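Undergrad: Encoded as structure tokens, here's the structure I'll be asking about.
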Amino acid sequence: MGHRRFLPRYHPYRNMRKNFNGHRDTAGPPTELTGTEVHNLVVGITNEFGKKRKVGKRKEKSTSKEKTEEHVEKQKTKERSMWKKKSIFWRLPYWKDLEVRHCIDLMHVEKNVCESLMGLLLNPGTTKDGLNARRDLEDMGVRSELHPITTESGRVYLPPACYTLSKEEKIDLLTCLSGIKVPSGYSSRISRLVSLQDLKLVGMKSHDCHVLITQLLPVAIRNILPPKVRHTIQRLCSFFHAIGQKIIDPEGLDELQVELVRTLCHLEMYFPPTFFDIMEHLPVHLVRQTKCCGPAFMTQMYPCERYLGILKGYVRNRSHPEGSIIESYTTEEAIEFCVDYMSETSSIGLPRSHHEGRLDGVGTVGRKTIRLDRKVYDKAHFTVLQHMTEVVPLQNLSSETLQWLSQGPEWSATTWQGYDINGYTFHTVKQDSKCTVQNSGLRIEAASDGGRRDQYYGKVEQILELDYLKFKVPLFRCRWVDLRNVKVDNEGFTTVNLANNAYKDEPFVLAKQVVQVFYIVDPCNKKLHVVREGKRRIVGLDNIADEDDYNQHVHGIGQEIPLEEEEEEDEVQYARVDHEEGLFL
């Protein structure tokens, strides 16, 4: 299961012994079998259904000819011993010509890797770093500082490894996760998954693991673990984030594969060999699968899992579940067929999206009518005049629209505490303080005094809806962060100081222009916040087929996390020297 075989032929890691399993690795990557080669291996297999009969004690004597035939058959069976059955898909004439016959499900890979990783860090009792794992290191003759020690009382002591967290670090990690508030529809409540009493994560679903390993875990471990171990974990999380994107540049896949192999080799340096089962190995094949089958979201199991949940809901008679599913399915299909011939009816089974018909902006909670003072009125109207042409070019504005803009809005304006627009749900800071979600963070790209385009971050303080009689324009009154307090550290994270505000003369921005973000308290510095991108769902709404065609203002924030090369052997510090909280058995 070693990954050094995927490295270049003369890479220095191939000759290292002590940093890995005690042996050099000169083998090349495994040869990928074509569909025809696999078909030749399974063509002679006969599927035997049902349970095998037990062989009695009595055995009939066989002739020498039968023994020879039996020996030849055993040799053939030994060659294809890896195959237990012949799939029914081989009956398809094109099956052996496919480059990828079975796709690796990214959803389950992320879930299993996340659970193994969190189990290794938190050690809730289901860790892969136990007594047998340490004895394996002893048998291999590597990492002597991690070998189990038998005390005078007869108990076995496992020294803390470089990935072993102290109790204080576990509390810091889980406290950071429990304090995270994400936007509406982003994920489930993370605080419900955290058990500070038992110091572990409980009840994580597949999507929770996806959000944790791609977005939250790299932030939560910023102040714990040695830098080399922390950066390796963050690089693994960054890979899952990159390979799960809906839009992937094919030219960058080769570089992504190279970085993944380096990351897996570093994991082999720091983590025990027992950590690497088949699930930790499967990511190395995801890049090739993406080249052949497209982005991973097209082959993920999320739609299948959701539909299985719908089918399970059809069961009314638990003694005959299959019949219940068939009856409910056919009934719903018949009703759907009849609905097409009935007017003023809506389809069943398809829930209406929360953002359906709201992409142009709809207030949701906290409606109130106020009268604007002169100063606020002028600033708001100036913002509309200044930025309206950025959203809609001047030549596309009708003469009637220009006429109403020139006359200015009504002095009475509507304020909201919540507003849906662009597939996002925004709240004011005041409304956020009452909720378990965080919808007040936003980001906008604008030109600075020097002419360059900068990213400005802030929070929504007030939501205004200006009435121009023929149309309404929603504005956000924001508290902007001073651009001098927006930093990108060496790990690629954008941090902001929400306490240092600026640009009070330009508080307004068109709601149509902003992108939602949310802020996480930086574990390294409680005065700072780490910026994470929000998530919206607009594809399929109001005849929108491509999110990029709808909004050109969205820009992804990538991560370039350093990964230091271990040039010499014996450089790796396998045991923690800053604490001695090992495990007694």
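Undergrad: From the list LEU464, LEU475, LEU469, which residue is touching a residue at least 12 places away in the same chain (Cβ under 8 Å), of a type outside the set (D, E, K, R) and in a loop (DSSP other than H, G, I, E, B)?
TA: LEU469
Undergrad: Looking only at the range 254-281, count how many residues are under 19 Å from the mean Cα position of the chain (by Cα) and farther than 20 Å from PRO226 by Cβ.
TA: Residues in the range 254-281 being under 19 Å from the mean Cα position of the chain (by Cα) and farther than 20 Å from PRO226 by Cβ: 7 in total.
Undergrad: Continuing with the same structure: Within the range 159-197, track down each residue that is in contact with a Pro (Cβ under 7 Å, 6 or more places away or on another chain) and either under 30 Å from LEU131 (Cβ atoms) or acidic (Asp, Glu) (or both).
TA: Of everything in the range 159-197, those that are in contact with a Pro (Cβ under 7 Å, 6 or more places away or on another chain) and either under 30 Å from LEU131 (Cβ atoms) or acidic (Asp, Glu) (or both) turn out to be CYS162, ASP172.
Undergrad: When both residues are 6+ apart or on different chains and their Cβ atoms are under 9 Å apart, which pairs have a first residue that lies in the range 520-534 and is more than 23 Å from ILE444 (Cβ to Cβ), and a second that is among the hydroxyl-bearing types (Ser, Thr, Tyr)?
TA: That search, which allows pairs on different chains as well, returns PRO523/THR175; CYS524/THR495; ASN525/THR495.
Undergrad: Sticking with this structure for a sec: Could you tell me whether the range 288-311 includes any residue that is surrounded by 15 or more Cβ atoms within 10 Å (Cβ to Cβ), of a type in the set (D, E, K, R) and under 26 Å from THR127 (Cα atoms)?
TA: no
Undergrad: Another question, if that's okay. So, restricting to helices (runs of 4 or more DSSP H) that lie completely within the range 171-245, which ones have at least 2 residues that are at pLDDT 90 or above and farther than 24 Å from CYS524 by Cα?
TA: The qualifying helices (runs of 4 or more DSSP H) are 206-211, 227-243.
Undergrad: Can you tell me which residues in the range 301-347 are part of a loop (DSSP other than H, G, I, E, B), within 37 Å of the chain's Cα centre (by Cα) and either on the phi > 0 side of the Ramachandran plot or aliphatic (A, V, I, L, M) (or both)?
TA: MET301, VAL315
Undergrad: Quick check, is LYS96 assigned to a loop (DSSP other than H, G, I, E, B) and of a type in the set (D, E, K, R)?
TA: Spelling it out, it is not the case that LYS96 is assigned to a loop (DSSP other than H, G, I, E, B) and of a type in the set (D, E, K, R).
Undergrad: Within the group THR46, THR36, which residue is outside any loop (DSSP other than H, G, I, E, B) and among the polar types (S, T, N, Q)?
TA: Sole residue among the options that is outside any loop (DSSP other than H, G, I, E, B) and among the polar types (S, T, N, Q): THR36.
Undergrad: Another question, if that's okay. Check ARG230, ARG192 and return the single one that is free of Cβ contacts under 8 Å to residues at least 24 places away in the same chain and either of a type in the set (Phe, Trp, Tyr) or over 30 Å from ARG576 (Cα atoms) (or both).
TA: None of the others qualify; the one that does is ARG192.
Undergrad: Just need a number here: residues in the range 466-498 that are among the aromatic types (Phe, Trp, Tyr) and exposed (fewer than 15 other Cβ atoms within 10 Å of the Cβ).
TA: Of the residues in the range 466-498, 1 are among the aromatic types (Phe, Trp, Tyr) and exposed (fewer than 15 other Cβ atoms within 10 Å of the Cβ).
Undergrad: Can you name the residue in the range 407-436 that is assigned to a loop (DSSP other than H, G, I, E, B) and β-branched (Val, Ile, Thr) and, of all such residues, is nearest to SER191 (Cα to Cα)?
TA: Taking the candidates together, the pick is THR436.
Undergrad: Then there is this: Condition first: without any contact (Cβ under 8 Å) to a residue 40 or more places away in the chain, under 30 Å from SER188 (Cβ atoms) and among the hydrophobic types (A, V, I, L, M, F, W, C). Now tell me which residues in the range 437-461 satisfy that.
TA: VAL460
Undergrad: Check the range 462-476 and report whether any residue there is among the aromatic types (Phe, Trp, Tyr) and more than 25 Å from SER184 (Cβ to Cβ).
TA: Yes, some residue in the range 462-476 is among the aromatic types (Phe, Trp, Tyr) and more than 25 Å from SER184 (Cβ to Cβ).
The values are calculated or read from the model by the stated rules, or taken from the named source; none is laboratory data. Computed from a predicted structure; not experimentally measured. Heads up, the Cβs are rebuilt from the backbone with ideal geometry, glycines too, and the neighbour counts pull from every protein chain shown.
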